[in-house]
Amino acid sequence: MNQYSRNSHSVGVVMLHLQWCTKYRYKMFGKFKYKNLVSACIRKTASRNKIKIIELEVEPEHVHCVVEVSFTISTSKVLQILKGGSAKLFFEFAPKMRLRYPRGHLWSRGKFASTIGFVQFDQVTKYVRNQAEHHQTTFRV
């Protein structure tokens, strides 16, 4: 870590702490298989769009992640890509889950985003990593 990316006309790094929730805060990922599926969907969407996921934690009704992106993409665009792409993939692989959301909106409109630097990096990744303990979450098999 602590590396700046170098491009033809820019040097630096943009790291973001992002959080978003399921629509109506339904606990859609209470089972391990759905938690793992949505995690894989988020990672696949990120890799397709050159978004580097540093840390990702899925809770039954919300997601925390730390990402690294280029200067050319806005925070709202990153969230739009991750939320929209992951919902599309999730419903493709778990079509019965779409019965709860007939219009296809898995995620709520709300979101949280904060930029982080190298000084805060360890604190934020530790916070994201310990979400299950923080919320005292237990997942069903």
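The values are calculated or read from the model by the stated rules, or taken from the named source; none is laboratory data. Keep in mind that this is a model prediction, so the values were computed, not measured. Neighbour counts are summed over all protein chains in view; Cβ atoms, including those assigned to glycine, are modelled from backbone coordinates with ideal geometry.
Identify all residues within the range 106-141 that are of a type outside the set (A, V, I, L, M), assigned to a helix (DSSP H, G or I) and closer than 30 Å to G12 by Cβ; write none if there are none.
Just the residues of the range 106-141 that are of a type outside the set (A, V, I, L, M), to begin with: 107-112, 114-115, 117-118, 120-123, 125-127, 129-131, 133-140.
Next, from what is left, pick out any that are assigned to a helix (DSSP H, G or I): 118, 120-123, 125-127, 129, 131, 133-134.
Those that are of a type outside the set (A, V, I, L, M), assigned to a helix (DSSP H, G or I) and closer than 30 Å to G12 by Cβ: F118, Q120, F121, D122, Q123, T125, K126, Y127, R129, Q131.
Looking only at the range 95-112, which residues are within 26 Å of Q136 (Cβ to Cβ) and out of contact with any helix residue (DSSP H, G or I) (no Cβ under 6 Å at 6 or more places or on another chain)? Steps first, answer last, please.
So in the range 95-112, the residues within 26 Å of Q136 (Cβ to Cβ) come out as 97, 100, 106-108, 110-112.
Correct list: M97, R100, G110, F112.
Of everything in the range 23-79, what is among the basic types (K, R), closer than 17 Å to W107 by Cβ and free of Cβ contacts under 8 Å to residues at least 60 places away in the same chain? Give them in sequence order. Working first, answer last.
Quick first cut of the range 23-79, residues among the basic types (K, R) only: 23, 25, 27, 31, 33, 35, 43-44, 48, 50, 52, 77.
Okay, now just the ones that are also closer than 17 Å to W107 by Cβ, so 23, 25, 27, 35, 43-44, 77.
The answer is K27, R43, K44, K77.
In this structure, does N7 turn out to be over 17 Å from W107 (Cα atoms) and touching a Phe, Trp or Tyr at 6+ places or on another chain (Cβ under 9 Å)? Break it down into steps so the answer makes sense when it comes.
Details: over 17 Å from W107 (Cα atoms): yes; touching a Phe, Trp or Tyr at 6+ places or on another chain (Cβ under 9 Å): yes.
So N7 passes the test.
Scan the strands (runs of 3 or more DSSP E) fully inside the range 1-104 and keep the ones with 1 or more residues being surrounded by 14 or more Cβ atoms within 10 Å (Cβ to Cβ), modelled with pLDDT of 95 or more and over 18 Å from the mean Cα position of the chain (by Cα).
Numbers: elements: 14-21, 52-58, 62-69.
Result: empty, no element qualifies.
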